[in-house]
């Protein structure tokens, strides 16, 4: 009977709902009016543990977050009782430093969310109205007075302005780089060029080296043809002769030479 009477006389206590353990810690710090940089860890830990003992929730994920923070506070409380650790610079480390940094970061994000919420509320009060101008007003265009627009401008003045503008553009042109052409890479099929020179040697037997080079269409073709001729001289497939220092070079095919294919490395 007494137990039932006690139940009827019990005063229900409504706990505030916090978004997470950091939110609860900020509430306790504000409630106790303490400096966030100098948290009385013993007092805050006791109040924190009292709160989570009164929590009633079936969500284990939420409860686990608060329990992890409780373990962190107890760990900090134990480290506060031990001699302070010294870092590499010889300064004493505060066990609360990491927790303070998280609290400051969370507090900043929380206040930013309040600011965004207030802006959203203010935006809901803003009303916009589509323009309802009469067609004659919407289609109106202010007339242009061409005489007033031109003023004292003459054809001579316009020509002088145009000449000065063109001169500025000409001054911007680099007299050297503007004459550069576009450099393109010549693609020469080495096998086809080698086959061409070999066929030319077999069909002409004796010919002018100059005439052979004049049949080429680009500088790269001249270079590749020259390399093929050098390789054929090296393998003994052709012979060369020159009467004077600056006279034409005469190339003669050797019938008894090895007629295997000329092997050259790729030229690009």
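The values are calculated or read from the model by the stated rules, or taken from the named source; none is laboratory data. Nothing here was measured: the structure is a model prediction, and the numbers come from that model. As a convention, Cβ positions derive from the backbone with ideal geometry for all residues, glycine included, and neighbour counts pool all protein chains shown.
What are the residue pairs meeting all of these: first residue in region 120-132, first residue at pLDDT below 85, second residue part of a helix (DSSP H, G or I) and loosely packed, with under 10 Cβ neighbours inside 10 Å, Cβ atoms under 9 Å, and 6 or more apart or on different chains?
From residues that are at pLDDT below 85, the pairs are 131/138.
The conditions are (1) over 30 Å from residue 26 (Cα atoms); (2) surrounded by 10 or more Cβ atoms within 10 Å (Cβ to Cβ), and residue 148 fails exactly one of them. Which is it?
(2)
In region 95-106, which residue that is without any contact (Cβ under 8 Å) to a residue 60 or more places away in the chain and surrounded by 17 or more Cβ atoms within 10 Å (Cβ to Cβ) is nearest to residue 20 (Cα to Cα)?
Step one: filter region 95-106 for residues without any contact (Cβ under 8 Å) to a residue 60 or more places away in the chain, giving 95-98, 101, 105.
Still in the list and also surrounded by 17 or more Cβ atoms within 10 Å (Cβ to Cβ): 95-96.
Numbers: 95: 21, 96: 19 Å.
Residue satisfying both the conditions and the ranking: 96.
Criterion first (within 25 Å of residue 26 (Cβ to Cβ) and exposed (fewer than 14 other Cβ atoms within 10 Å of the Cβ)) does residue 111 satisfy it?
Yes.
Being under 42 Å from the mean Cα position of the chain (by Cα), more than 30 Å from residue 20 (Cβ to Cβ) and part of a helix (DSSP H, G or I) narrows it down to one of 171, 122, so name that one.
Exactly one residue qualifies, and that residue is 171.
Residue-wise test of (1) in a helix (DSSP H, G or I); (2) under 18 Å from residue 110 (Cβ atoms); (3) at pLDDT below 80.
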position	(1), (2), (3)
5	yes, no, yes
8	yes, no, yes
13	no, no, yes
16	no, yes, yes
23	yes, yes, no
47	yes, no, no
57	no, no, yes
68	yes, no, no
72	yes, no, no
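Starting from residues that are closer than 15 Å to residue 197 by Cα and in a loop (DSSP other than H, G, I, E, B), keep the ones in region 237-256 and report whichever is farthest from the chain's Cα centre (by Cα).
In this case the residue turns out to be 254.
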